[in-house]
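Reading through the structure tokens given below for one structure.
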Amino acid sequence: MPAFKLTPRLVTVGGAQLGPIQRAEKREAVVERLIALLREGHRKGCRIVVFPELALTTFFPRWFMPDWKEVETFFEREMPNKAVQPLFDEAKRLKIGFYLGYAELTADGHHFNTAILVDDTGKIVGKYRKVHLPGHSENEPERPFQHLEKRYFEPGDLGFPVWRSMGGIMGMCICNDRRWPETYRVMGLQGVELLMLGYNTPAINAWAMVHSAPEPEHLRQFHNHVVMQAGAYQNSTWVVAVAKAGIEEDCSLIGGSCIIAPTGEMVALARGVDDELIVADCDLALCKYGKDTIFNFDKHRRIEHYGLISSQTGVIEPPM
Ligand code: CDV
């Protein structure tokens, strides 16, 4: 029997966790923090650095703002723009690619929660718009804080594409997307090898607080990791997940940024809730083992039984 030998395809990846961004903080100051993490990534040999969801501002969906003019101060009309250009310039100079999350306002007036993939030559090679928008669309004053993503953003209209870039097959999603197995599987079916995502996850569930539902804080971190470890393993892909963390205005956001191997094992984990770079040498060749064996989709999937997944949204119980 020949040995299962693989030629390594090493991509050193950095997860650039951010501590809080307060509302008054200017984009220019945030971009300086991103550049500092990028430079640390360069010193540590990174080819790609992943930044969080909505990485240029505070997590503004926590406030109800009746005036759309105020809401739109948190959006970017072009990318790069003047405030973000220094990040693009420095990344190009250092030959590092990056994932960046931001609020996108399109020329024809659409609002999306977006992430871009910029390659190590400074070119935007991929764009993803968040599909699974959590929260609610109306003000709910009884909550300690709002989660108005359904008000401020439209669901993404680009699906879950992947891109051949920087030596691998790259995929992106954003925060709540990581909780849905469909996210990973749609990219898994396109051979994804490195799935990047940023998140802003409050340490408490505001709905559960109002309704006295039992969701202790430790479960927030457990659920953060369990879904991504399962997604990585079941699709045999690397997952790089990066938080904006810490006490942002009056809201505590979890940290727990991590890099997960195609086996589902965590190989790097942030220690704190401040700006912090985690690094791992991700051998993309390791994806092949799972993709060729237990999760060889072509051999083992039974799509004739999966129709409900794409034809039905909610639960329909059998008749009593
Ligand atoms: N930004 C997010 O999508 N946050 C959600 C929270 C609201 C649960 C998340 O899935 O982490």
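The values are calculated or read from the model by the stated rules, or taken from the named source; none is laboratory data. Given the structure is predicted, the values throughout are model-derived calculations rather than measurements. As a convention, Cβ positions derive from the backbone with ideal geometry for all residues, glycine included, and neighbour counts pool all protein chains shown. Only protein heavy atoms, including side chains, enter the accessible area calculation; ligands, DNA and RNA are left aside. Shrake-Rupley method; radii C 1.70, N 1.55, O 1.52, S 1.80 Å.
When the residues of segment 24-46 are filtered to those that are of a type outside the set (A, V, I, L, M, F, W, C) and open to solvent by less than 90 Å² (accessible area, probe 1.4 Å), which remaining residue is nearest to TYR289 (Cα to Cα)?
Only one residue fits best here, namely GLY45.
So which of PHE74, PHE112, PHE88, PHE98 ends up being closer than 24 Å to ALA24 by Cβ, of a type outside the set (Lys, Arg) and in contact (Cβ under 8 Å) with a residue 12 or more places away in the chain?
Step by step, each of PHE74, PHE112, PHE88, PHE98 is checked, and only PHE74 is closer than 24 Å to ALA24 by Cβ, of a type outside the set (Lys, Arg) and in contact (Cβ under 8 Å) with a residue 12 or more places away in the chain.
Which of the numbered conditions does GLU70 fail, given that it passes all the others? Conditions: (1) touching a strand residue (DSSP E or B) at 6+ places or on another chain (Cβ under 9 Å); (2) on the phi < 0 side of the Ramachandran plot.
So GLU70 meets the others, but not (1).
Return the residues of segment 231-269 that are open to solvent by 40 Å² or more (accessible area, probe 1.4 Å) and either in contact with a Phe, Trp or Tyr (Cβ under 9 Å, 6 or more places away or on another chain) or under 21 Å from GLU193 (Cα atoms) (or both); say none if nothing qualifies.
TYR233, GLN234, GLU249, ASP250, THR263, GLU265, MET266, VAL267, LEU269
Where the second residue is part of a loop (DSSP other than H, G, I, E, B) and away from the ligand (no atom under 13 Å from the Cβ) and the first is closer than 17 Å to GLU154 by Cα and lies in segment 49-71, which pairs have Cβ atoms under 7 Å and are six or more apart or on separate chains?
That search, which allows pairs on different chains as well, returns PHE64/ASN139; VAL71/MET65.
Answer yes if at least one residue in segment 286-305 is β-branched (Val, Ile, Thr) and either touching a Gly at 6+ places or on another chain (Cβ under 9 Å) or crowded, with 18+ Cβ neighbours inside 10 Å (or both), and no otherwise.
no
I want to confirm something. Restricting to segment 104-137 and keeping residues that are touching a Leu at 6+ places or on another chain (Cβ under 6 Å) and of a type in the set (A, V, I, L, M, F, W, C), which single residue is farthest from TRP68 (Cα to Cα)?
VAL125
Please give the number of the condition HIS132 fails out of (1) over 20 Å from THR57 (Cα atoms); (2) within 16 Å of the ligand (Cβ to nearest atom); (3) buried (at least 22 other Cβ atoms within 10 Å of the Cβ).
So the condition that HIS132 fails would be (3).
Taking segment 45-103 as the search range and keeping residues that are among the charged types (D, E, K, R) and within 16 Å of the ligand (Cβ to nearest atom), which one is farthest from ARG164 (Cα to Cα)?
Here the answer is ARG62.
Would you check if PRO52 is surrounded by 22 or more Cβ atoms within 10 Å (Cβ to Cβ), closer than 26 Å to ILE247 by Cα and out of contact with any Asp or Glu (no Cβ under 7 Å at 6 or more places or on another chain)?
In short, yes.
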